[in-house]
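Engineer: Please see the structure below; I have some questions.
The values are calculated or read from the model by the stated rules, or taken from the named source; none is laboratory data. What you are looking at is a predicted structure, and each value in this text was computed from that prediction instead of being measured. Every residue, glycine as well, gets a Cβ built from its backbone with ideal geometry; the counts of neighbours run over all protein chains shown. For accessibility, only protein heavy atoms count, side chains too; no ligands or nucleic acids. Shrake-Rupley method; radii C 1.70, N 1.55, O 1.52, S 1.80 Å.
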Amino acid sequence: GHTFEVLKNVDTLVLDKTGTLTEEQPTVGTIHVLGETSEQGVLRLAAAAETKQRHPIARAILAKAAELGLELPDIEDAAYKVGYGLTVGVEGKLVRVGSLRFMREEGVVVPPSLYATQERCHERGSPMVAVASGDTVVGAIELMATVRAGTRAIIRELVEQCGVQATYIISGDHEAPTRRLAKELGIDGYFAEVLPEAKGGL
């Protein structure tokens, strides 16, 4: 009740993007294939590697593999480098899943075309993880943010019924996807590429 009492005095609303406007867990979007491995083959390797992980990207990959009914092989000798990637043994081969930086650090040659793909993913605000079998990158998985159900209606109600005059998104993402989300949701403006510790000071 107190929240609604205070809300009538609010004229500007600033909303954090991830976890507020969009779900914490992304969903698998495009699977980019390199060489002869199929989309399901790339997903199967990534899901096998992520079997024991619990972070949002791992859950998204595992959910997609389950949706497609993929049988995942057992893994051996898993090693996780925080923030970069994961190395596991799968069916006698070393499989790596992670960032392009992680691939380079591991001595895996990254095709130039994959850097261009990563740039397009970043412009859309979509994280991308590369998948390598042995020393060869076989593909990459793009992950998409999902707008929370009912978000558009709630924002419209705040503006029309509660007297909010201006709405903004605040996000650590690049400008292009933040601008696109603001337009999609009918939000007036945005602050992009804001570090977590700086969000409270805007």
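Engineer: When you scan region 105-144, how many residues do you find that are aliphatic (A, V, I, L, M), in contact with an Asp or Glu (Cβ under 7 Å, 6 or more places away or on another chain) and either under 28 Å from G19 (Cβ atoms) or in a helix (DSSP H, G or I) (or both)?
Structural biologist: Summing the residues that are aliphatic (A, V, I, L, M), in contact with an Asp or Glu (Cβ under 7 Å, 6 or more places away or on another chain) and either under 28 Å from G19 (Cβ atoms) or in a helix (DSSP H, G or I) (or both) in region 105-144 gives 1.
Engineer: Pairs please, first residue from region 126-151 and under 15 Å from S171 (Cβ atoms) and open to solvent by 20 Å² or more (accessible area, probe 1.4 Å), second anywhere and in a strand (DSSP E or B) and among the charged types (D, E, K, R), Cβ atoms under 9 Å, 6+ apart in sequence or on different chains.
Structural biologist: Once the first residue is under 15 Å from S171 (Cβ atoms) and open to solvent by 20 Å² or more (accessible area, probe 1.4 Å) and sits in region 126-151, its partners that are in a strand (DSSP E or B) and among the charged types (D, E, K, R) give P127/E142.
Engineer: Kindly evaluate L70 against the criterion of being under 17 Å from V33 (Cβ atoms), of a type outside the set (V, I, T) and in contact (Cβ under 8 Å) with a residue 40 or more places away in the chain. I'd like the intermediate steps shown before the answer.
Structural biologist: Values: under 17 Å from V33 (Cβ atoms): yes; of a type outside the set (V, I, T): yes; in contact (Cβ under 8 Å) with a residue 40 or more places away in the chain: no.
Here the answer is no, as L70 does not meet what is asked.
Engineer: Something else now. Could you please give the count of residues in region 93-120 that are in contact with a Gly (Cβ under 7 Å, 6 or more places away or on another chain) and open to solvent by less than 40 Å² (accessible area, probe 1.4 Å)?
Structural biologist: Qualifying residue count for the region: 5.
Engineer: Being crowded, with 16+ Cβ neighbours inside 10 Å and more than 15 Å from the chain's Cα centre (by Cα) is the filter; apply it to region 51-65 and report the residue that is nearest to K93 (Cα to Cα).
Structural biologist: Only one residue tops the list, namely T51.
Engineer: Looking at region 62-95 only, could you name the residues that are modelled with pLDDT under 95, on the phi > 0 side of the Ramachandran plot and not in a strand (DSSP E or B)?
Structural biologist: Of everything in region 62-95, those that are modelled with pLDDT under 95, on the phi > 0 side of the Ramachandran plot and not in a strand (DSSP E or B) turn out to be G83, E91, G92.
Engineer: For region 27-51, give me each residue that is over 16 Å from E76 (Cβ atoms) and in a loop (DSSP other than H, G, I, E, B).
Structural biologist: Within region 27-51, L34, G35, E36, T37, S38 meet the criteria.
Engineer: To continue, here is another question. All but one of (1) under 27 Å from R59 (Cα atoms); (2) open to solvent by 90 Å² or more (accessible area, probe 1.4 Å) hold for D188; which doesn't?
Structural biologist: All conditions pass for D188, except number (1).
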